[in-house]
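*Asks:* Okay, handing you the structure first.
The values are calculated or read from the model by the stated rules, or taken from the named source; none is laboratory data. What you see is a predicted model, and the numbers here were worked out from it, not measured in a lab. Cβ placement follows ideal geometry from the backbone for every residue including glycine, while neighbour counts extend to all protein chains displayed.
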Amino acid sequence: MSLKLQIIICSTRPGRVGPAVAKWFYEWAEKQQLFQCELVDLADFKLPVYDEPNHPKMQKYEHDHTKAWSQSVAKADAYIFVLPEYNFCPPPSFTNALDYVYSEWNYKPAGFVSYGGVSGGLRSAQLAKQWVTAVKMMPMFEGVMVQMPWTLIDDNGRFQPEKPHEESAEVLLKELLKWAEALKPMRSSE
């Protein structure tokens, strides 16, 4: 059975371009056949600012939105976070979603497809890499950086990648697979 990869759309704001970028990466990753891929949209979970009374490590979730998020996160072996840059940082929806669960993230690799202005979301991805280590994830050095993504979306709302996007996506996905396989014994011993 192949390893499961979730491509998570981290922006939840109206008018976001994240779904177009994420859909491209999802379709591209599916063609590579290295993972069983799933596209996940944080907006679908409607997570309020963290509202569970118990620490996430206890996994004593009281709210349906938390239980649904926990089940989604738990079934993946690796993640690609598609995230924008807000004020040099990841969006609050990313950090909030990360905080909702703990053990479900442990011993899994995380890659980043960042987007934004001239920085392509790199500052956001750098901070996000630090945050994922707090829940025992392994961030990938490799990543995909998309500058000005809104200029690469066609009239049908589809993201049109350029050669550097595809090349960096290939390197990222292969590295993610190595780490997902290497960390699998740690995940199964839990």
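*Asks:* Pairs only if they're at least six apart or on different chains, beta carbon under 6 angstrom, first in the stretch 156-175 and in a loop (DSSP other than H, G, I, E, B), second not hydrophobic (A, V, I, L, M, F, W, C); list them, first residue then second.
*Replies:* These pairs meet every condition: Gln160/Asp154.
*Asks:* Oh, and also: Give the residue, chosen from Tyr107, Tyr115, that is assigned to a loop (DSSP other than H, G, I, E, B) and buried (at least 19 other Cβ atoms within 10 Å of the Cβ). First the steps, then the outcome.
*Replies:* Details: Tyr115 fails: assigned to a loop (DSSP other than H, G, I, E, B).
Criteria check complete, one pass: Tyr107.
*Asks:* Oh, and also: How many of the residues in the stretch 32-47 are in contact with a Phe, Trp or Tyr (Cβ under 8 Å, 6 or more places away or on another chain), closer than 16 Å to Phe81 by Cα and either outside any strand (DSSP E or B) or without any contact (Cβ under 8 Å) to a residue 24 or more places away in the chain (or both)?
*Replies:* 2
*Asks:* Here is a follow-up. Quick one: would you say Tyr86 is out of contact with any Gly (no Cβ under 7 Å at 6 or more places or on another chain), aromatic (Phe, Trp, Tyr), surrounded by fewer than 22 Cβ atoms within 10 Å (Cβ to Cβ) and under 25 Å from Gln130 (Cα atoms)? Steps first, please.
*Replies:* On the way: out of contact with any Gly (no Cβ under 7 Å at 6 or more places or on another chain): yes; aromatic (Phe, Trp, Tyr): yes; surrounded by fewer than 22 Cβ atoms within 10 Å (Cβ to Cβ): yes; under 25 Å from Gln130 (Cα atoms): yes.
Judged against the criteria, Tyr86 is a match.
*Asks:* If you don't mind, another one. What tally of residues in the stretch 126-155 results from selecting those that are part of a helix (DSSP H, G or I), in contact (Cβ under 8 Å) with a residue 12 or more places away in the chain and more than 14 Å from the chain's Cα centre (by Cα)?
*Replies:* Taking the stretch 126-155 as the starting set, the residues that turn out to be part of a helix (DSSP H, G or I) are 126-133, 149-152.
Those left that are additionally in contact (Cβ under 8 Å) with a residue 12 or more places away in the chain: 127-129, 131-132, 149-150.
Cutting the leftovers down to more than 14 Å from the chain's Cα centre (by Cα) gives us 149-150.
Count: 2.
*Asks:* Every residue in the stretch 63-104 that is part of a strand (DSSP E or B), closer than 28 Å to Gly15 by Cβ and under 12 Å from the mean Cα position of the chain (by Cα), please.
*Replies:* Step one: of the stretch 63-104, the residues part of a strand (DSSP E or B) are 78-84, 86, 89.
Keeping just the survivors that are closer than 28 Å to Gly15 by Cβ gives 79-84, 86, 89.
Correct list: Tyr79, Ile80, Phe81, Val82, Leu83, Pro84.
Rundown of residues vs (1) of a type in the set (D, E, K, R); (2) surrounded by 14 or more Cβ atoms within 10 Å (Cβ to Cβ), yes/no style:
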site	(1), (2)
Lys23	yes, yes
Glu38	yes, yes
Asn54	no, no
Glu62	yes, no
Ala68	no, yes
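*Asks:* Filter the stretch 1-31 for residues that are within 20 Å of His165 (Cβ to Cβ) and in a loop (DSSP other than H, G, I, E, B) and give the result.
*Replies:* Cys10, Ser11, Arg16, Val17
*Asks:* If we keep just the residues of the stretch 118-153 that are surrounded by fewer than 24 Cβ atoms within 10 Å (Cβ to Cβ) and among the hydroxyl-bearing types (Ser, Thr, Tyr), which is farthest from Pro185 (Cα to Cα)?
*Replies:* In this case the residue turns out to be Thr151.
*Asks:* Test Ser124 against the stated conditions and say whether it is over 28 Å from Pro48 (Cα atoms), modelled with pLDDT of 95 or more and among the small types (Gly, Ala, Ser).
*Replies:* Numbers: over 28 Å from Pro48 (Cα atoms): no; modelled with pLDDT of 95 or more: yes; among the small types (Gly, Ala, Ser): yes.
No, not satisfied.
*Asks:* Within the stretch 129-152, is there a residue that is touching a Leu at 6+ places or on another chain (Cβ under 8 Å), closer than 19 Å to Ala20 by Cβ and of a type in the set (Phe, Trp, Tyr)?
*Replies:* No, the stretch 129-152 contains no residue that is touching a Leu at 6+ places or on another chain (Cβ under 8 Å), closer than 19 Å to Ala20 by Cβ and of a type in the set (Phe, Trp, Tyr).
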